[in-house]
Amino acid sequence: MRNPLSGRLPEATELRDRIGRIHRGLRRISGRIQGGIGPIGDRIQADLGRISSRISSRIETELPRISRRVCRAQAELGRIGRPAQGFWGSRQSLIAGLALTGVSTAGAGLWALSTGTPGRALGGTVTAAAAAAPEPIRLVQTAADSFVYPGGSPNLAWPSSGRAAVEIEGMGLMGDHGSLTSRAAIASITKTMTAYVVLKDHPLGAHDSGPTIILSRAMADQYAEAVKNDESSVAVKAGEQITERQALEAMMLASAGDMADILAMWNKGSVNAFAAEMNTQARALGMTDTDYTDPTGLAASTVSTMADQLKLAEAVQTVPALTSIVAERSAQVPVAGEVDNINVDLGTDSIDGIKTGTTAAAGSCLLFSAHVQVGGRTLTILGIVLGMPGSTGTPWTALDATKRLVESVESALGTATVAAPGTAVATLEQGGRKVAELGVDQTLSVVGWAGLRYRVAVDGDAAAATLSVTRTDGFADPVATRLDRIRPVSAHPEKPSTPATSATPTVD
């Protein structure tokens, strides 16, 4: 009778040949890896070499013993011929089983190393260990991506005539009454650009005096010319020595037209050359609808728009010497003595600048600034009033209208809650399932006014997430805070959390 096991046991030489082929295959695989991924391939090749050598050494050691067991098993099978009824479970069957187990285990181990089965081969299939690795945790925003400050729109006290506009620096236009882009005469508001150009060419520290200007006969003659034209002026004389700061104070506080011409002549040699420079600087600031034909604003041909003048007001805030000058109530100059600031709104409702203006063509005007504290932040209010009744002297109608307007702006400003503690604004998800909810540990509020829009964004990752709120149309820095886990999510949550910004916001 034919031995049922004799055709299934490999000879020792055949097993040795297979081991050799596997060994060479491992070397080829490591060579390909080295060529494909550089230094990492070098490390993997070295590891493979060590593994291959250990396997070969172990097989070489075990092979004679396995071969002897195989031979004994074959001899035993040959001696007994057809297995007797009691063969299975006998000592002989145990020897044969052990031999087969040793050979098959060695072969399976080498096959797994050479092909990567059942996990990731070195060529790129997923290993069993990698397949068992958990999926990464994802950060998902659940709060709405926008927020609108509640209340509809701000209720501002616009003047009964003329036009006006107001903005919060860095946050955008708060409102306007009349056309922002219609050109009109701007009277002595023009002197704001005159001071800006002088300080750009001859910078001063916030409280520096600057160089001394010695008035020539041509410069001194500007006083007589201003008196003749019924223009605001300060007394000067030829040979007078006045500092740059004193000249700027005389021009900006007393609105002296003669001092505007004197500064123009000192800076550029002539009034016309200086007016050209004023227009160059206006274009650099984006004031595309403004034409300066003189440094005083007396000429009706010097025109601008409310939108352009707000851009100039923003530029003024970047020049500390100019903001300090326009906030002064009075100053001392060499010949005229003490000069008072025509802007009598200073100190009222935080108003601290910028320039008055009055002519028959422009009416009563004021370009203004104010600084207020809201929600722990300092906000800069910038605005303009044009075309109010009044053509000479102090522009009372514009000054009164500005006070009422700034009061209403301050009342309209406040803070609103975007996210409150305990309310989820984001979740951590893994494998399509929520594992935790994230929120703020302190109330996150924004400064603004009714109708203002903000962007809301959750950024970062599972380890460090933040919630940031940014003014949509402005350029102010975002308000941001770190997120923390507020609660884990059960395997079967009863009800999803409500995003913080989907509810009616709280106004503080």
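Bear in mind that the values in this text are calculations on the coordinates, not laboratory data. Here the structure is a predicted model, which means the values were calculated and not measured. We place every Cβ from the backbone using ideal geometry, glycine too, and count neighbours over all the protein chains shown.
Annotation for GLN332 and ARG21: the two label points, set 7 Å from Cα along the Cα-Cβ direction, are 10.9 nm apart.
Using θ = phi - 60° in the Karplus curve 6.51 cos²θ - 1.76 cosθ + 1.60, the 3J(HN,Hα) couplings for the stretch 297-307 round to x, 5, 6, 5, 6, 7, 10, 7, 10, 5, 4 Hz; x is entered for Gly and Pro. Extension gain, THR288-ARG183: 0.36 nm per intervening residue step, less the Cα-Cα distance, totals 36.7 nm. Each peptide among 235-248, 300-313 gets the average number of other Cβ atoms lying within 10 Å of its residues, and from highest to lowest they stand as 300-313, 235-248. Near the amide H of LEU452, within less than 5 Å, lie the amide hydrogens of TYR149, all on another chain or at least 5 residues away, with H placed in the peptide plane. At an R0 of 60 angstrom, the distance between the Cβ atoms of ALA457 and ALA360 translates into a FRET efficiency of 0.70. Taking every C-alpha pair closer than 8 Å and separated by at least 6 residues, the mean separation divided by the residue count of the stretch 155-305 gives a relative contact order of 28 percent. A crude spin-label estimate for the pair THR378 and ASN279, with each label 7 Å from Cα along the Cβ direction, gives 3.8 nm. When peptides 405-414, 182-191, 252-261, 208-217 are sorted by average Cβ neighbour count within 10 Å, with the highest value leading, the order is 252-261, 182-191, 405-414, 208-217. A straight Cα-to-Cα reach below 25 Å connects LYS355 with the lysines LYS191, LYS200, LYS228, LYS268, LYS311, LYS403, residues fewer than 8 places away in its own chain not being considered. Taking the average, over residues, of other Cβ atoms within 10 Å as the packing measure, peptides 454-466, 162-174 rank 162-174, 454-466 from highest down.
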